[in-house]
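The values are calculated or read from the model by the stated rules, or taken from the named source; none is laboratory data. Only a predicted model underlies this, so the values are computations on that prediction, with no experimental measurement involved. Every residue, glycine among them, receives a Cβ derived from its backbone with ideal geometry; neighbour counts consider all protein chains shown.
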Amino acid sequence: MIYQKDPTHLAIDPYIVLGVPRSATEAEIKKAYRAKAKALHPDQHKDDPKKADEFKRVSAAYEILGDKEKKAKFDRGEIDGDGNPTGFAGGAHPGAHPGGGGFRWQSTSGQSPFEGAQGDPFEDILSGMFGGGRSRRGGPGPQKGRDVRYRVQVDFEDAVLGARRRMTMADGRALDVNIPAGIDTGQTLRLKSQGQQSPYGGPPGDALLEIEVRPSKVWERDGKDLRMKLPIGLKEAVLGGSVEVKTPSGHVTLKVPAGSNTGAQLRLKGKGVKTSPPGDLYVRLEIVLDNPKDEGLRKWAEKS
């Protein structure tokens with residue numbers, strides 16, 4: 001069940017500790033770890049050193065199998081169950097079976113499977129670690145504080161241009177937040193160390209801002225470009241002229257070529273999303289009669 005690393009140390013086999021086969025999927029490994037961690041947690045077995053040691057072994061096993069790179073190295077025999085080099089690089093360690101694979105959430109914000117939404121029961125279960133041990137980032141040290149999620153609405157112009165806005169956190173603190181130009185609905189901003197404090201002396205968690213960009217009545221976003229409709233009079237369409245156009249950064253003057261028609265599209269370079277390089281603003285012309293009941297216009301139409 002175990003294999004010898006050196007004459008003084010026996011390294012565990014994480015598959016055996018978690019009770020899963022080497023063909024186990026990511027979900028099966030995670031499920032097995034959660035079940036064992038819940039059953040062995042020190043809060044449920046106070047003054048039971050045996051259970052405490054088992055809990056540590058389970059946590060150490062998941063540190064290997066819950067990390068894509070470490071799992072692959074273990075399956076190839078390059079590291080042992082403690083994560084230390086074995087001297088078997090390129091071949092299988094004693095007791096290994098052929099095959100293997102790896103996995104893990106590098107979702108939009110790169111969290112581990114247990115980080116994220118407030119109220120996750122497994123964050124409570126895994127929050128002890130005797131004031132130290134395995135952190136949710138996969139390394140040694142005191143347990144990190146819990147991440148806190150916020151849903152934040154951002155004005156369309158702020159998402160296009162970028163901005164710095166003040167936000168009130170859950171604990172009442174006011175924090176100035178940089179909104180990067182080009183952010184869009186569904187993306188997440190991570191504010192390092194702005195989450196909950198760790199009760200075990202570890203670093204604080206992060207604040208995760210889930211962004212929702214308010215729609216605009218003037219512009220539509222198309223990647224880093226913007227699109228809008230611009231009503232113009234018949235005179236400007238026929239003879240050409242200059243019209244004022246509203247952009248997210250202010251009003252500019254647009255030259256309308258003579259003989260323009262509804263549907264014609266003009267480009268304002270660099271007036272889109274302020275990325276690097278910036279996007280453009282595309283203006284679709286729509287001819288609107290200043291006074292549809294104008295007598296001169298009616299007589300002109302009758303002669304045509």
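Of all residues in segment 224-250, those that are β-branched (Val, Ile, Thr) have Cβ atoms under 6 Å from Cβ atoms of residues that are assigned to a loop (DSSP other than H, G, I, E, B) and surrounded by 13 or more Cβ atoms within 10 Å (Cβ to Cβ), 6 or more apart or on another chain, in Thr247/Lys271.
Collect the residues in segment 278-293 that are acidic (Asp, Glu) and surrounded by 13 or more Cβ atoms within 10 Å (Cβ to Cβ), keeping them in residue-number order. Within segment 278-293, Asp280, Glu286 meet the criteria. Looking at this structure, is Ile16 in a helix (DSSP H, G or I), more than 32 Å from the chain's Cα centre (by Cα) and either surrounded by 17 or more Cβ atoms within 10 Å (Cβ to Cβ) or of a type in the set (A, V, I, L, M, F, W, C) (or both)? For Ile16, the condition - in a helix (DSSP H, G or I), more than 32 Å from the chain's Cα centre (by Cα) and either surrounded by 17 or more Cβ atoms within 10 Å (Cβ to Cβ) or of a type in the set (A, V, I, L, M, F, W, C) (or both) - is met.
Kindly indicate the residue of segment 171-212 that is closer than 26 Å to Leu268 by Cα and in contact with a Lys or Arg (Cβ under 8 Å, 6 or more places away or on another chain) and also surrounded by the fewest Cβ atoms within 10 Å (Cβ to Cβ) among those meeting that condition.
The first filter runs over segment 171-212 and keeps only residues closer than 26 Å to Leu268 by Cα, leaving 179-185.
Then keep just the ones that are in contact with a Lys or Arg (Cβ under 8 Å, 6 or more places away or on another chain); that gives 179, 181-182, 184.
Details: Ile179: 21, Ala181: 17, Gly182: 20, Asp184: 13.
Checking each candidate, the answer is Asp184.
If you take the residues of segment 144-174 that are in a loop (DSSP other than H, G, I, E, B) and without any contact (Cβ under 8 Å) to a residue 24 or more places away in the chain, which of them is nearest to Gly223 (Cα to Cα)? So the residue we want is Ala170. Of Gly259, Gly270, Gly279, Gly202, all but one fail to be part of a loop (DSSP other than H, G, I, E, B), in the same structural domain as Asp155 (by TED's automatic domain parsing) and either farther than 29 Å from Arg166 by Cα or small (Gly, Ala, Ser) (or both); the exception is Gly202. Of the residues making up segment 170-217, those that are within 15 Å of Tyr150 (Cα to Cα), under 19 Å from the mean Cα position of the chain (by Cα) and of a type in the set (A, V, I, L, M) are Val177, Ile179, Leu189, Leu191, Ala207, Leu208, Leu209, Ile211, Val213. What are the residues in segment 32-53 that are closer than 12 Å to Gly66 by Cβ and either out of contact with any helix residue (DSSP H, G or I) (no Cβ under 8 Å at 6 or more places or on another chain) or free of Cβ contacts under 8 Å to residues at least 24 places away in the same chain (or both), if any? Within segment 32-53, Ala32 is the sole residue that qualifies. Take the conditions (1) in contact with a helix residue (DSSP H, G or I) (Cβ under 8 Å, 6 or more places away or on another chain); (2) farther than 23 Å from Pro180 by Cβ; (3) hydroxyl-bearing (Ser, Thr, Tyr); Ser249 misses just one of them, which is (2).
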